[in-house]
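Quick notes on the structure that follows.
The values are calculated or read from the model by the stated rules, or taken from the named source; none is laboratory data. Treat the numbers as computed from the prediction; the structure is a model and nothing was measured. Here the Cβ is made from the backbone with ideal geometry for all residues, glycine too, and neighbour counts use every protein chain on show. Protein only, heavy atoms only, side chains kept; ligands, DNA and RNA dropped before computing areas. Shrake-Rupley method; radii C 1.70, N 1.55, O 1.52, S 1.80 Å.
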Amino acid sequence: MKKIALEVPSVLSKEDILTKLLSYLSQFDMNQKRVLIICEDVTRATPLYQFFPDFLKVLQTQASQISVIFALGTHRPMTTVEMQQKLGISPEAASKIELINHNAFDDSLLIEVGKIDHIPVKIHQAVSEHDIMIALGSVLPHRVVGFSGGAKYLCPGIANKAAIDYTHWKITRYSEAEIIGKIENPIRQIIHQIADLVITTFPKIYVSVNFITLPAGIAHLFIGDFYSSYQEAAELCAEYFVKPVETCSSILTYIDNKCVDFWQGAKAIYNCGSRIQEGGKLVIRGELSEKISGTHGEMIAKFGYSNRETIQNLVDSGELSSPVVASHMMRVSQALQKYQVILSSENISQAECEALNLGYLDPNDIDESEFDYVVYNATDLILTAV
């Protein structure tokens, strides 16, 4: 049995982060400007609370208005408490700014910026109402766009459901090896096209802040536009998060509590499953407090995970009407055709797992010595061929 985990180098202090941020922003005239901060939600682990309260105080000495929109994509809305905790601000501080949950399902809040392959692309109206946009979030390996970060905070972050569905369903045309951990890939190209549409429609100041976050904290940050800062961050991110390993018959993966449901926890499959041999098994150990999906759970439970052909037929017949859900189900189901996917959680029962065609393992019965590899940080790390 071999253990794999993220390395823990030295991390940046609050002062380091603030100095880099404020130094970059000093080139812009922010006096009496309206500032929109686009930031990640609770399913991402960047410790924004470490520096955001002080960052906010500096912005408030210059800007006339400050709003924070959480880039939910199709994730569930955050509670007021979750918003405040993510940013590390008190209720009093929160009352002096606007906190916005993005809603991809409400077109009345969105403005069309163009089309991609005849699909209307819309963005949250808050972009049109502010002068300066600052996106804050981490760069990590990602099954749909190669790496998170950069323009991903525009789409899927604050885009419409149709655009999100389009990119997530299109991913089913490509293997994991063609996308995940690839800085340039077909889906990232679409995301950049969408960013171009937004910037052309609303020519304002756009700043992309891309962190590399490790268990100990923020190790690096890159600031610039949506393209160059993302590329720089992704190149370094690959050095930390891509681990070459031999193929094997069994892997035990641990996922942390930012994966509130299996919708997020399935990243352990995308990241680690390629190293499992035919007929092997992958165990995902995590709390999964919101079970299969806080947003899409009922639809997934209705059909269960099966195989590519069955899911394609459900989509073609109109029974499975959400492309983003179909994409998730397709990716998990493809893994099931090769090896067992087994959940180990206090919050999901054996019966619930079996109804979805997943295996179940009682957390109390886990024996790490029975596995070829034990992988920590499994929703962040990618296992690749030696």
- [ ] Could you pull out the residue among D196, D131, D165 that is acidic (D, E) and either open to solvent by less than 10 Å² (accessible area, probe 1.4 Å) or under 19 Å from I69 (Cα atoms) (or both)?
- [x] D131
Task: Members of segment 11-47 that are within 20 Å of E98 (Cβ to Cβ) and out of contact with any Phe, Trp or Tyr (no Cβ under 9 Å at 6 or more places or on another chain) - done: L25, M30, N31, Q32, K33, R34, V35, L36
- [ ] Considering every residue within segment 366-384, establish whether at least one is under 18 Å from I4 (Cβ atoms), open to solvent by 70 Å² or more (accessible area, probe 1.4 Å) and polar (S, T, N, Q).
- [x] yes
Task: Among (1) surrounded by 24 or more Cβ atoms within 10 Å (Cβ to Cβ); (2) closer than 19 Å to P323 by Cβ; (3) more than 16 Å from the chain's Cα centre (by Cα), the one test that V145 misses - done: (3)
Open item on the list: basic (K, R), surrounded by fewer than 24 Cβ atoms within 10 Å (Cβ to Cβ) and farther than 22 Å from G273 by Cα: which single residue out of K182, K204 fits that description?
Closed with: K204
Task: Unique match (being crowded, with 24+ Cβ neighbours inside 10 Å and under 23 Å from A266 (Cα atoms)) among Y153, Y174 - done: Y153
TODO: Output the residue which, of all residues in segment 46-94 that are acidic (D, E) and open to solvent by less than 60 Å² (accessible area, probe 1.4 Å), is farthest from T167 (Cα to Cα).
DONE: D54
TODO: Test each condition in (1) at positive phi; (2) touching a strand residue (DSSP E or B) at 6+ places or on another chain (Cβ under 8 Å) for V386 and report the one that comes out false.
DONE: (1)
Open item on the list: Among the residues in segment 167-179, are any part of a strand (DSSP E or B) and more than 30 Å from K14 (Cβ to Cβ)?
Closed with: no
Task: Residues of segment 5-29 that turn out to be among the aliphatic types (A, V, I, L, M) and modelled with pLDDT under 95, as a count - done: 4
Task: Flag if G114 is open to solvent by less than 10 Å² (accessible area, probe 1.4 Å), at pLDDT 95 or above and not in a helix (DSSP H, G or I) - done: no
TODO: Find the residue count for segment 53-75, including only residues that are in contact (Cβ under 8 Å) with a residue 60 or more places away in the chain and closer than 30 Å to W263 by Cα.
DONE: 7
TODO: Among the candidates T295, T253, T213, T200, single out the residue that is at pLDDT 95 or above, out of contact with any Cys (no Cβ under 8 Å at 6 or more places or on another chain) and polar (S, T, N, Q).
DONE: T200
- [ ] Of all residues in segment 229-267, count the ones that are closer than 27 Å to N347 by Cα and either in a strand (DSSP E or B) or open to solvent by 30 Å² or more (accessible area, probe 1.4 Å) (or both).
- [x] 10
Task: Matching option when the condition is over 21 Å from the mean Cα position of the chain (by Cα) and at pLDDT 95 or above, among G286, G280 - done: G280
